[in-house]
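Just below is one structure, and these are the notes that go with it.
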Amino acid sequence: MNPLFPLQVVLAALSLVLVVSILRSIRVVPAKSVLVIERLGKYAKTLHAGFHILVPFLDRVAYTHSLKEQAIDVPTQPCFTWDNVKVDVDGVLYYRVVDPRKASYGITNYEYATVQLAQTTMRSVIGKLELDKTFEERDSINAAIVAEVDAAGSAWGVEVTRYEIQNIDVPAEILQAMEAQLRAEREKRGQIARSLGEMESKINHSVGEMEESINRSEGEKEKWINEAEGQAAEIRALATATAASLREIAKALETPGGDEALSLQLAEQYLGELRHLARGETRVILPLDLTDMEGILGSVRALIKS
């Protein structure tokens, strides 16, 4: 037996261990992932995506973290609103690791702690709201939870990006009461809408009647103005014609024998009017003696001269 055989075996074993250690010290970190390295039990460095070689027997990978945004389910939990109504609420929390060192050494389990803090914050926020507001203000509830959890998660190297409420379960009797209230509100709004429609209809009808009355009065006003203007024009034309006739008569009187012709014409018109008055059932008293034509003509001449 070769006396060096045991030594060769030991050297071969040591060489194998060294090769395995060297191979294990080679690390290829994928994208959006990090490795937290400890050297002799203490934090040494953080390895990001790429090719890395560790110091054999001294360095070890203590923690592995993903830098991707992750979603975790927040289990259903009972909450009491400000008006003492019990509701069951669940949701989804979105977060990502921004500081791998704090995520490794700041807390034992940052995922569990984040979920617990989200549940506690949700109970606190919903306890400040009435039941109706919990349905109307989901965005404000989500924002309040994100702000609270993100403030605490900064010490753990975790950033909370958003929180979404999935379901708000209400007891059956409360749900029936809410549905009855909604029906009453819808009926109330319907009655208000109908009353407003009737009011608008009456207002429009009265405005139409008022406009019609104004238009009618304006038309009558224009009619009266036109009639007055027509009568005025007729009077002016008659006056103009009368003045022209009088001027012609005056010219005729200035000519020789004009007064005798006028007297004769007036006497004829006078007698013609008397003929219309003389009827079987009427009695006429005349201021003149019709048998005395000379006297009648003399009276007419005297009237014309005066």
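The values are calculated or read from the model by the stated rules, or taken from the named source; none is laboratory data. Source: prediction; values computed, not measured. Counting neighbours? That spans all protein chains shown, and the Cβs are built from the backbone with ideal geometry, glycine included. Ligands, DNA and RNA are stripped out before the accessible areas are found, and what is left, the full protein with its side chains, is counted by its heavy atoms. Shrake-Rupley method; radii C 1.70, N 1.55, O 1.52, S 1.80 Å.
Every residue, every condition in (1) more than 30 Å from residue 81 (Cβ to Cβ); (2) open to solvent by 100 Å² or more (accessible area, probe 1.4 Å); (3) touching an Asp or Glu at 6+ places or on another chain (Cβ under 9 Å), yes or no:
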| residue | (1), (2), (3) |
| --- | --- |
| 161 | no, no, yes |
| 183 | no, yes, no |
| 195 | yes, no, no |
| 198 | yes, yes, no |
| 226 | yes, no, no |
| 236 | yes, yes, no |
| 240 | yes, no, no |
| 245 | yes, no, no |
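Residue 91 meets all of the listed conditions (1) open to solvent by less than 30 Å² (accessible area, probe 1.4 Å); (2) closer than 24 Å to residue 48 by Cβ; (3) not β-branched (Val, Ile, Thr) but one, namely (2). If you check residue 121 against the conditions, is it out of contact with any strand residue (DSSP E or B) (no Cβ under 6 Å at 6 or more places or on another chain), buried (at least 18 other Cβ atoms within 10 Å of the Cβ) and among the hydroxyl-bearing types (Ser, Thr, Tyr)? The answer is yes for residue 121.
Given the residues 118, 155, 103, 113, which is the only one that is over 30 Å from residue 44 (Cβ atoms) and among the small types (Gly, Ala, Ser)? From the options 118, 155, 103, 113, the qualifying one is 118. Taken over region 106-135, residues that are under 30 Å from the mean Cα position of the chain (by Cα), assigned to a helix (DSSP H, G or I) and of a type outside the set (A, V, I, L, M) amount to 4.
Is region 75-82 home to any residue that is under 25 Å from residue 156 (Cβ atoms), out of contact with any helix residue (DSSP H, G or I) (no Cβ under 6 Å at 6 or more places or on another chain), open to solvent by less than 80 Å² (accessible area, probe 1.4 Å) and assigned to a loop (DSSP other than H, G, I, E, B)? No, region 75-82 contains no residue that is under 25 Å from residue 156 (Cβ atoms), out of contact with any helix residue (DSSP H, G or I) (no Cβ under 6 Å at 6 or more places or on another chain), open to solvent by less than 80 Å² (accessible area, probe 1.4 Å) and assigned to a loop (DSSP other than H, G, I, E, B).
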